[in-house]
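The values are calculated or read from the model by the stated rules, or taken from the named source; none is laboratory data. Just so we're clear, the structure is a prediction, and the values are computed from it rather than from any experiment. Cβ: placed from backbone, ideal geometry, glycine included. Neighbour counts: every protein chain shown. Just the protein is used for accessible areas: all its heavy atoms, side chains included, with ligands, DNA and RNA removed. Shrake-Rupley method; radii C 1.70, N 1.55, O 1.52, S 1.80 Å.
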Amino acid sequence: MNWDTKTVVITGGATGIGYATAQLAIERGARVVILGRTEETLRTAQKNLGDSASYRVLDVTDAQAVRQVFAEIGPFDHLFAFAAITEGGRFTDISEERMRTFVESKFWGQYHAVKAALPLLPPDGSITLMSGYLYRKPTAGYTPYAVANGAVEALTKALALEIAPVRINALSPGWIDTRADRTPPAEHDQYLKFAAGAAPVGRAGTARETAEAALFLAENPFMSGAVVDIDGGLS
Ligand SMILES: NC(=O)c1ccc[n+]([C@@H]2O[C@H](COP(=O)([O-])OP(=O)(O)OC[C@H]3O[C@@H](n4cnc5c(N)ncnc54)[C@H](OP(=O)(O)O)[C@@H]3O)[C@@H](O)[C@H]2O)c1
C-alpha cells in the first residue's frame with residue numbers, strides 16, 4: 001500500500017501507542033490527524049510529529065462531538081481508535097459508576113468513532129480498534145478491561161461481516177511500556193519488572209512494536225475480522 005496518498009485519524013494519538021502509530025504512519029508518508037482531550041498534549045505531539053500531522057481536541061465519549069469533528073475532518077482512509085482512560089479493580093471493589101465510566105471510554109468511545117468514520121471511509125479503507133489481553137487472558141483485578149475488551153472484540157468480528165469491503169480489525173496488546181498508568185517512576189519500574197516476569201519474551205513491549213502491528217492491519221488488504229495478539233506470548 002502506498003501511504004503517501006493516505007490520511008489517517010488516530011484517537012488517543014498524542015501519547016503512547018497512538019503517538020507511535022502516528023509517527024510510523026508519517027514515516028511511511030501518510031498525513032495524520034491526532035485526537036484527544038488535552039490541547040497542550042496534542043499541541044506538543046503535533047510539533048514533534050511535524051507538518052504531516054494536525055490535531056483536534058475531542059472527547060470520544062461525546063457522540064455528538066465525535067460526529068461533528070469527524071465531519072469537519074472529512075473523507076479519510078484509516079481509523080485507529082485507540083483512546084481510553086486507565087482503570088483497574090476487582091469486581092467486588094470497583095463501583096458501578098467507575099465501571100460505567102471506563103466502559104464509556106474504552107468501548108463506547110470506539111463505537112462513536114466507528115459510527116462517525118464509516119460514512120467517510122473509502123471502500124479500501126480500514127478501521128483498527130483497540131482491545132487488550134485482559135479479556136481472553138484475564139488477570140484478577142482488571143475486570144473493567146475484561147468486560148470492555150470483550151465488547152470491542154465482538155464488535156470487530158460482527159462488523160467485519162457488515163461493513164465489507166471496508167475492513168475492521170482489533171489489536172490486543174499485552175504489557176506495553178507507555179506510561180499509561182501515570183505512576184511515579186519507581187512504581188512504573190515495578191510494572192516493568194512484573195511485565196518482564198509475566199511475558200515469555202521476558203520484557204514489556206514497546207509502543208513502536210505495537211504501532212508496527214497496527215500499521216500491518218491497516219495496510220494488508222486481506223486482514224479483516226481479526227484480533228491480533230501482540231503480547232510477547234502471554235497465555
Ligand atoms: N499500555 C498497555 O499496556 C496496553 C495494553 C493493552 C491495551 N492498551 C490500550 O491501548 C490504548 C492506548 O493506550 P496507551 O498505553 O498508549 O495509553 P495512553 O498513552 O494513556 O493513551 C491513551 C490516550 O487516549 C486519550 N484519551 C483518553 N480518554 C479519551 C477520551 N475520552 N477522548 C479522547 N481521547 C482520550 C488520552 O489523551 P487525553 O487524556 O489527553 O484525552 C491518551 O492520549 C488504550 O485503549 C489502552 O487500553 C494498552
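In the chain, carbon and sulfur make up what percent of the accessible area (probe 1.4 Å)?
Working: 5980 of 11130 Å².
Using a 1.4 Å probe with all protein chains present, the chain comes out at 54 percent carbon and sulfur.
Compute the distance from the alpha-carbon center of the stretch 98-147 to that of the stretch 27-67, in whole Å.
Computed from Cα coordinates, the inter-centre distance equals 18 Å.
Go ahead and run the numbers for FRET between T44 and A154, Cβ-Cβ distance against an R0 of 25 Å, rounding to 0.05. Show your work: numbers first, answer last.
Working: r = 36 Å, r/R0 = 1.42.
Efficiency, from the Cβ-Cβ distance: 0.10.
Going 7 Å from the Cα of I85 along its beta-carbon direction, which residues of the stretch 45-67 have the amide nitrogen within less than 19 Å of the resulting point?
In the stretch 45-67, the label zone of I85 (backbone N under 19 Å from the point 7 Å along Cα→Cβ) covers 57-66.
With a 1.4 Å probe and every protein chain left in place, work out the accessible area per residue of the chain in Å², rounded to a whole number.
Numbers: 11130 Å² over 235 residues.
In whole numbers, the chain has 47 Å² accessible per residue.
Any chance you could give the angle, 0 to 90 degrees and rounded to 10, that helix 39-49 forms with the longest Cα principal axis of the chain?
The two axes meet at around 70 degrees.
Take the residue pairs K47/K106; K106/K157; K157/K193; K6/K157; K6/K106; K115/K137 and return only those whose Cα atoms are more than 22 Å apart.
Values: K47/K106 27 Å; K106/K157 17 Å; K157/K193 34 Å; K6/K157 25 Å; K6/K106 26 Å; K115/K137 28 Å.
Beyond 22 Å: K47/K106; K157/K193; K6/K157; K6/K106; K115/K137.
Sorted by mean Cβ packing within 10 Å, highest first, what order do the peptides 171-182, 107-118 take? All intermediate terms of the calculation are to be shown ahead of the outcome.
Numbers: 171-182: 18.8, 107-118: 21.3.
Result, highest mean Cβ count within 10 Å first: 107-118, 171-182.
Can you tell me the length gained on complete extension of the stretch R37 to S235, counting 0.36 nm per residue apart and subtracting the Cα distance?
Working: separation 198, 0.36 × 198 = 71.28 nm, distance 3.40 nm.
Contour length minus Cα-Cα distance gives 67.9 nm.
Set the Förster distance to 35 Å, then compute FRET efficiency between T101 and R203 from the Cβ-Cβ distance, nearest 0.05. Mind dumping the intermediate values first?
Values: r = 31 Å, r/R0 = 0.90.
E between T101 and R203, to the nearest 0.05, is 0.65.
In debye, nearest 20, what is the charge dipole magnitude of the chain about its Cα centre with +1 on Lys and Arg Cβ and -1 on Asp and Glu Cβ, if you could check? Walk me through the numbers on the way to the answer.
Working: 22 positive and 26 negative charges, 17 e Å.
Here the chain has a charge dipole of around 80 debye.
Listed highest first by mean packing, meaning other Cβ atoms within 10 Å per residue, what order do 224-233, 200-209, 85-94 come in? Before the final figure, lay out the partial values.
Values: 224-233: 18.2, 200-209: 15.7, 85-94: 13.4.
For the peptides 224-233, 200-209, 85-94, the packing ranking is 224-233, 200-209, 85-94.
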